[in-house]
Amino acid sequence: MSDNHDESHEAHTGPIKTPKQLLVAVFFSFVVPVFIIIGLVAYVTRHNLPEAGAQSTPAEVAERIHPVAAVEVRDANRELKTGEQVYKAQCSTCHAIGAAGSPKFEDAKAWAPRIAKGYDALLNSALHGKGAMGAQGGGDFDDVEVGRGVVYMANAAGAKFAIPQPAAAAAK
Ligand code: HEC
């Protein structure tokens, strides 16, 4: 009877019988998968890294160190820029990082009280300047383009403003 009991006990212990086997089992079931995951992550993200010994082209360096403001001569009948283009060209300098106390792009909390003032108030601030922000954000855009920049940023932070259209296009 007691022999019988021992046998059934033996049958239920499984393949791990010694501390060494336990260590090996732990190693293969926990440690190895962690390294496999690290390897997969490195494999998937390797395209984002510059190649070993990569050199920037002069164009890439120029792009990185280009001055914040630039003078550009423009055709009065040119296509108006989209809000995103205006934002990237002019507004992101401050608003992408929240520089000088500006409401940061996509920061709904920082934008909410401003959005609550309404589009006209925001446009007025953007056109004429407010606090550390110069008139037109320091740029030289058409008022409609500045408006689009305002809408682009406000909408990214939760507003639902309509994209401003030039008077001529609106009359069509
Ligand atoms: C030199 C940095 C700078 C640039 C460039 C800039 N802003 Fe600003 N912006 C600010 C700062 C600082 C504030 C906060 C002003 C305050 O409330 O005192 C602000 C606030 C605003 C506001 C909220 C105004 C309000 O009444 O609450 C709007 C809208 C805005 N910017 C739009 C723009 C647009 C559109 C552009 C691009 C054409 C732009 N900004 C470029 C710094 C900048």
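Of note:
- Each residue of region 96-102 was assigned a 3J(HN,Hα) from its phi angle through the Karplus curve 6.51 cos²θ - 1.76 cosθ + 1.60 (θ = phi - 60°); the sequence is 5, 10, x, 5, 6, x, 6 Hz, with glycine and proline shown as x.
- Counting only residues at least eight positions apart within a chain, or on another chain, the lysines with an alpha carbon under 27 Å from that of Lys117 are Lys81, Lys88, Lys104, Lys109, Lys130, Lys160.
- FRET E, pair Arg46, Ile97, Förster distance 30 Å, beta-carbon r, rounded to 0.05: 0.60
- Dipole axis of the chain (+1 Lys, Arg; -1 Asp, Glu on Cβ), positive-most option in Ala121, Gln90, Gly139: Ala121
- Here the label points at Ala167 and Ile16, each 7 Å from Cα along the C-beta direction, are separated by 8.0 nm in the simple model.
Every read-out reported here was derived from the displayed coordinates using simple, explicitly stated rules and does not represent laboratory data. Because the structure is predicted, anything quoted here is derived from the model rather than measured. Cβ: placed from backbone, ideal geometry, glycine included. Neighbour counts: every protein chain shown.
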